[in-house]
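Visitor: My questions will all concern the structure given below.
The values are calculated or read from the model by the stated rules, or taken from the named source; none is laboratory data. Nothing here was measured: the structure is a model prediction, and the numbers come from that model. As a convention, Cβ positions derive from the backbone with ideal geometry for all residues, glycine included, and neighbour counts pool all protein chains shown.
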C-alpha cells in the first residue's frame, strides 16, 4: 500500500472518491495510473477522435510527470488500452510526435471492450524512472 508521501493527484477529489492516485512514487520509479482524455471537469475531450484523445492524454501525462520533475524522457514503459486498435494504428503519428525528442518507451497495445467513460477510445498507463 502506498504511503501518503508517495502519491500525487491530478484531480484529487475525483481520484479520492474512486480510490486511486494519478501517480505513486517508489524510490526513483513513478507509476502513473491509466490516463483517459478528460478535462478538469471530467468530460471526455476529443470524442470520436483518437488523435485528439492521444494528445490530451499526453498533456495530462506531462502534468503528472512534472509533479516529480520528470518528462516524457523518463518514461520507460506504457500500456495502451483501446476500444479500437485500428483507430490507434491510424493515429499513431500523434503518439510518435510526443516522443520525437527522446527515445520511445517499451509499449504494449491491447484492445478492450470498454473503458471507464463510454466516449473514451484509449487509456494509457505508464512507468517512468527518475535519473
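Visitor: For residue 75, indicate whether it is at pLDDT 95 or above, under 30 Å from residue 131 (Cα atoms) and surrounded by fewer than 17 Cβ atoms within 10 Å (Cβ to Cβ). Spell out how you get there, then give the answer.
Guide: Values: at pLDDT 95 or above: yes; under 30 Å from residue 131 (Cα atoms): yes; surrounded by fewer than 17 Cβ atoms within 10 Å (Cβ to Cβ): no.
So residue 75 does not fit the description; no.
Visitor: Only residues in the stretch 101-121 that are within 23 Å of residue 44 (Cβ to Cβ) count as the first member; pair them with residues that are assigned to a loop (DSSP other than H, G, I, E, B) and modelled with pLDDT of 95 or more, Cβ under 6 angstrom, at least 6 apart or cross-chain, and list the lot.
Guide: 119/47; 121/83; 121/84
Visitor: Name, by its number, the condition in (1) exposed (fewer than 13 other Cβ atoms within 10 Å of the Cβ); (2) within 20 Å of residue 11 (Cα to Cα) that does not hold for residue 54.
Guide: So the condition that residue 54 fails would be (1).
Visitor: What about residue 106, is it within 16 Å of residue 129 (Cα to Cα) and exposed (fewer than 13 other Cβ atoms within 10 Å of the Cβ)?
Guide: On the way: within 16 Å of residue 129 (Cα to Cα): yes; exposed (fewer than 13 other Cβ atoms within 10 Å of the Cβ): yes.
When the stated conditions are applied, residue 106 passes them.
Visitor: Can we say residue 111 is touching a helix residue (DSSP H, G or I) at 6+ places or on another chain (Cβ under 8 Å) and either over 25 Å from residue 130 (Cβ atoms) or buried (at least 19 other Cβ atoms within 10 Å of the Cβ) (or both)?
Guide: Working: touching a helix residue (DSSP H, G or I) at 6+ places or on another chain (Cβ under 8 Å): yes; either over 25 Å from residue 130 (Cβ atoms) or buried (at least 19 other Cβ atoms within 10 Å of the Cβ) (or both): yes.
Yes: the conditions hold for residue 111.
Visitor: Got a number for residues in the stretch 3-57 being free of Cβ contacts under 8 Å to residues at least 24 places away in the same chain, under 30 Å from residue 131 (Cβ atoms), assigned to a loop (DSSP other than H, G, I, E, B) and touching a strand residue (DSSP E or B) at 6+ places or on another chain (Cβ under 7 Å)?
Guide: Qualifying residue count for the region: 2.
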